[in-house]
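Remarks on the structure that follows.
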Amino acid sequence: MSAKLLKMPETAKLYEGKAKILYNTDNPQILLTCYKDDATAFNAQKRGQIKGKGEINCTVSAALFTWLESLDIPTHYLDCPAPNQMRVKAVTIIPIEVVVRNIAAGSLCRQTGLPEGKVLPSPLVEFYLKNDELGDPLLTRDRLFLLDIVSPEQLAVIEEITLKINKHLQEFFTSCQITLVDFKLEFGLDSEQRILLADEISPDTCRLWDQTETDPQARVMDKDRFRKDLGQVESAYQQVQARVLARIKELI
Ligand code: ADP
Ligand code: MG
């Protein structure tokens, strides 16, 4: 853990997750999230560290949130007091992981037999329950309503924002010569029950393939390098950061 994290008083700690620590601030509407170098995969069965990941994921997320805000996507992002720290609007997280897939990979291939790399005819939006004990199961719409996780109206808003984000991010990453294969989003409700994009958008939560590489292993620029022990994890994350920040600078 970096020295910056240790400066925060333990009493302020609200929650420690696998990738970030949440701290309360003087303002109950604002939380401080500290991004860690800790890496986990397969529901935390595999654990390790990716040097510099905390700073990379925080700065990449901050840049993408800032840019999405400029395109009228409401996010929890406020600012970054340090490279691995982000101040965010406190929200009540809606306990679903919203996954968007443009190309078949990962569990979609394992569960359906679709070949990895198959371009999907249209983006596939899926909902997984955010529950480590249950192994984050894939939910149906009816199960979402049965569990009273969202109302049909809220789900419609989430789907609409999600597809807009996908369109923007696909275009954005293409301009960085990166293919956005799939990614995970989390949403939350603010004090006025508005739906905000929360959590992070980073190489931990996206599958990103380098368009300048043809080899199926060499092109991987995301957490799959860690999951599959492909090596050069740090340099892949650095490469994503360099390309994203350079492109964002041109856009805003
Ligand atoms: P996890 O181990 O559940 O993936 P992380 O370490 O990635 O957790 O993140 C810590 C927690 O912070 C997650 O449960 C995430 O949903 C939550 N979170 C993200 N953004 C906000 C926010 N704006 N307000 C409240 N909680 C948030
Ligand atoms: Mg997480």
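Throughout, read-outs are computed from the coordinates displayed, never taken from laboratory work. On a predicted model such as this, the values are computed, not experimentally measured, just so you know. Don't worry about glycine lacking a Cβ; one is built from the backbone with ideal geometry, like all the others, and counts go over all protein chains shown.
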Restricting attention to segment 191-212, does a residue exist that is farther than 26 Å from residue 73 by Cβ and either out of contact with any strand residue (DSSP E or B) (no Cβ under 7 Å at 6 or more places or on another chain) or within 16 Å of ligand 2 (Cβ to nearest atom) (or both)?
yes
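How many residues does segment 205-227 hold that are more than 16 Å from ligand 1 (Cβ to nearest atom), under 20 Å from the mean Cα position of the chain (by Cα) and surrounded by fewer than 24 Cβ atoms within 10 Å (Cβ to Cβ)?
Narrowing segment 205-227 to residues more than 16 Å from ligand 1 (Cβ to nearest atom): 207-221, 224-225.
Narrowing further to those that are under 20 Å from the mean Cα position of the chain (by Cα): 207-210, 219-221, 224-225.
Adding the requirement that they be surrounded by fewer than 24 Cβ atoms within 10 Å (Cβ to Cβ) leaves 207, 209-210, 219, 224-225.
Residues meeting the conditions: 6.
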How about segment 183-194: which of its residues are buried (at least 19 other Cβ atoms within 10 Å of the Cβ) and more than 10 Å from ligand 1 (Cβ to nearest atom)?
183, 185
Hey, can you tell me all the residues within segment 42-69 that are of a type in the set (Lys, Arg) and surrounded by fewer than 20 Cβ atoms within 10 Å (Cβ to Cβ)?
46, 47, 51
Every listed condition ((1) more than 15 Å from the chain's Cα centre (by Cα); (2) closer than 24 Å to residue 165 by Cβ; (3) of a type outside the set (Phe, Trp, Tyr); (4) more than 13 Å from ligand 2 (Cβ to nearest atom)) holds for residue 55 save (1)
Name every residue in segment 123-147 that is under 21 Å from the mean Cα position of the chain (by Cα), more than 16 Å from ligand 1 (Cβ to nearest atom) and over 17 Å from residue 157 (Cα atoms), in order of residue number.
138, 139
Of the residues in segment 113-139, those that are among the polar types (S, T, N, Q) and surrounded by 10 or more Cβ atoms within 10 Å (Cβ to Cβ) come to 131
Subset of segment 195-204 (residues that are within 12 Å of ligand 1 (Cβ to nearest atom) and more than 18 Å from residue 69 (Cβ to Cβ)):
204
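Search segment 16-37 for residues being out of contact with any Phe, Trp or Tyr (no Cβ under 6 Å at 6 or more places or on another chain) and free of Cβ contacts under 8 Å to residues at least 24 places away in the same chain, and hand back the single one that is nearest to ligand 2 (Cβ to nearest atom). Walk me through it before giving the result.
Keep residues of segment 16-37 that are out of contact with any Phe, Trp or Tyr (no Cβ under 6 Å at 6 or more places or on another chain), which gives 16-19, 21, 23-31, 33-37.
With the extra rule that they be free of Cβ contacts under 8 Å to residues at least 24 places away in the same chain, the set shrinks to 16-17, 21, 23-24, 26-27.
Values: 16: 11, 17: 5, 21: 11, 23: 16, 24: 19, 26: 25, 27: 23 Å.
Per the stated criteria, the residue is 17.
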